[in-house]
Every structure is written in structure tokens, then in C-alpha cells.
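Notes to accompany the following structure.
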Amino acid sequence: MEDIRGKIKSELAAGDLRGYVEDHARSPHPYLETIRKNCLAHKWNFMLTTPDQAAFLYSHASLIRAKKILEIGTYYGHSTLALAAALPADGKIISLEHNPKFAAIAQSHMDVAGVAHKVEIRVGEAPLLMPILEQEQGQGSFDLIFVDADKRHFKDYWESGLRLLRAGGVLIFDNALARGEILSDTPGTADHIAAVREFNDSVRSDSRVYSYIATLADGMLVAMKIGS
């Protein structure tokens with residue numbers, strides 16, 4: 001039998017099947033395509049969420065009728081816009097971005113897309129900003145939290161996120177399959193792969209949530225907070 005370990009990302013990342021999946025994801029906002037085009041020339045364009053991920057985020061935010069969202073990792077604002085599109089007129093998304101250049105690019109995209117009134121982008125390191133958010137916003141104040149940032153801090157984001165999330169709220173972490181290398185057992189496995197694997201295992205055994213990994217793009221770990 002062919003060894004399929006590590007192929008989830010590679011098999012869906014290119015070719016006709018990838019195109020088919022993306023073509024059948026209805027866009028939450030028409031300006032998302034422009035953001036994707038603007039990002040193509042950047043050397044880190046692989047960091048951008050895909051069209052089906054944008055639809056996934058939009059649908060989850062819509063299903064739970066989210067009014068307040070926290071995002072960790074803004075980049076070009078692709079996922080930010082998808083989430084903002086799901087918010088009501090008085091809804092709000094706070095997005096944390098450590099790189100001022102990316103924050104400025106994302107802000108310009110929000111302005112053009114017409115959702116700037118719903119979006120607040122804060123520049124700084126998320127591990128330092130989240131305790132401030134907890135004091136400022138209060139525990140249980142967010143309906144949905146999306147994390148697409150440094151994998152080595154996943155555990156920190158998890159604990160802070162659970163405190164900030166309301167009961168019945170949803171935590172979503174991108175790159176749960178570590179770019180298809182989550183099953184890699186070769187010597188010298190990269191730190192970020194080991195960190196993601198350890199994180200996934202810890203979430204699976206966490207009785208505070210109901211969780212699963214959605215196998216789209218690079219895997220999205222979804223956890224619903226149970227109780228208070």
C-alpha cells in the first residue's frame with residue numbers, strides 16, 4: 001500500500017482537485033479575490049488563507065451568529081475580511097499582527113472593502129497583547145477566535161483564548177497538519193512540527209472543548225468551548 005503520510009497538503013494544494021475545491025467555495029466578499037492577487041508577488045504568499053478556508057471561517061462565524069471575533073495573525077487581511085463579512089453592522093473583529101507593514105496593508109484592504117468600521121488591527125506580539133485584551137475586554141467576551149500565527153505559541157494562545165471565549169464559542173487554529181508533515185518521524189523534526197503535534201494531542205484530551213481537525217488546505221483545528 002502506498003505511504004500516504006504527509007500528502008494531505010500536497011495533494012490538495014495544486015492541480016485540478018485544488019482548483020475544483022476553490023471554485024466551489026462561494027466567496028464571502030468580492031474583494032477577497034483582489035487581496036489574493038495583491039499577495040501573489042509576496043515571498044510568503046503561502047501564508048494566505050485559501051478561498052475555501054475563507055468560506056469555512058465565514059460559515060462558522062455566521063452559524064454561531066458571532067458579534068465579536070478575535071484574530072491572531074492578520075497578514076494581508078484575507079481571513080480578516082472573510083470574518084468581518086459575517087459580522088452584523090454593530091459587530092467587531094480585533095486582529096493582532098506583529099508586523100507593522102502587514103498591518104498597514106491589511107488596513108488598506110479593509111478600507112477599500114468597506115468593512116473598516118468593523119475591524120480593529122492592533123500591532124504587537126500576540127503573547128503580550130492577549131493578557132491586555134483579557135483585562136480590557138473581560139473573560140468570555142469573544143464568540144470566535146481564529147489563530148494563524150507562530151505555531152510555537154499555540155499553547156499560549158489556547159489558554160488565553162479559552163479564557164477570552166464564551167461558552168459555546170469556537171476556537172479555530174490553522175496549520176493543524178504542519179504543511180503535511182504532521183506525521184513526520186524523522187530525526188531532527190522541525191520545532192514547529194513537534195509543537196503542532198504536541199498541541200493537537202493536548203487539545204484532543206482537553207475536556208473543556210469538543211474538537212476535530214477539518215482536512216481543508218493545511219488542516220484547521222476547530223474546538224467548541226463546553227460550559228463556562
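The values are calculated or read from the model by the stated rules, or taken from the named source; none is laboratory data. Worth saying up front: this structure is predicted, and the values here are computed from it rather than measured. For neighbour counting, all protein chains shown are included, and Cβ atoms are generated from backbone atoms with ideal geometry for every residue, glycine included.
Tabulated data
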quantity	calculated
Of all residues making up region 155-187, the number that are assigned to a helix (DSSP H, G or I) and free of Cβ contacts under 8 Å to residues at least 60 places away in the same chain	7
Residues of region 194-211 classified as free of Cβ contacts under 8 Å to residues at least 24 places away in the same chain and within 13 Å of L177 (Cβ to Cβ), total	1
Test: residue in region 87-96 that is out of contact with any His (no Cβ under 6 Å at 6 or more places or on another chain) and within 18 Å of A214 (Cβ to Cβ)	no
Scan of region 138-154 for residues that are exposed (fewer than 15 other Cβ atoms within 10 Å of the Cβ) and in a helix (DSSP H, G or I), ordered by number	R152
Answer residue from region 102-129, given it is of a type in the set (V, I, T) and assigned to a helix (DSSP H, G or I) and is farthest from the chain's Cα centre (by Cα) among those	V112
Verdict on R65 being modelled with pLDDT of 95 or more, of a type outside the set (F, W, Y), more than 29 Å from E181 (Cβ to Cβ) and loosely packed, with under 15 Cβ neighbours inside 10 Å	yes
Test: residue in region 164-182 that is under 22 Å from D90 (Cα atoms) and out of contact with any Lys or Arg (no Cβ under 9 Å at 6 or more places or on another chain)	yes
Failed item, numbered, when S62 is tested on (1) more than 18 Å from W44 (Cβ to Cβ); (2) small (G, A, S); (3) assigned to a loop (DSSP other than H, G, I, E, B)	(3)
Subset of region 72-101 (residues that are assigned to a helix (DSSP H, G or I) and either of a type in the set (A, V, I, L, M) or under 19 Å from H60 (Cβ atoms) (or both))	H78, S79, T80, L81, A82, L83, A84, A85, A86
Residue count for region 21-58, restricted to those that are among the hydrophobic types (A, V, I, L, M, F, W, C), assigned to a helix (DSSP H, G or I) and touching a helix residue (DSSP H, G or I) at 6+ places or on another chain (Cβ under 8 Å)	7
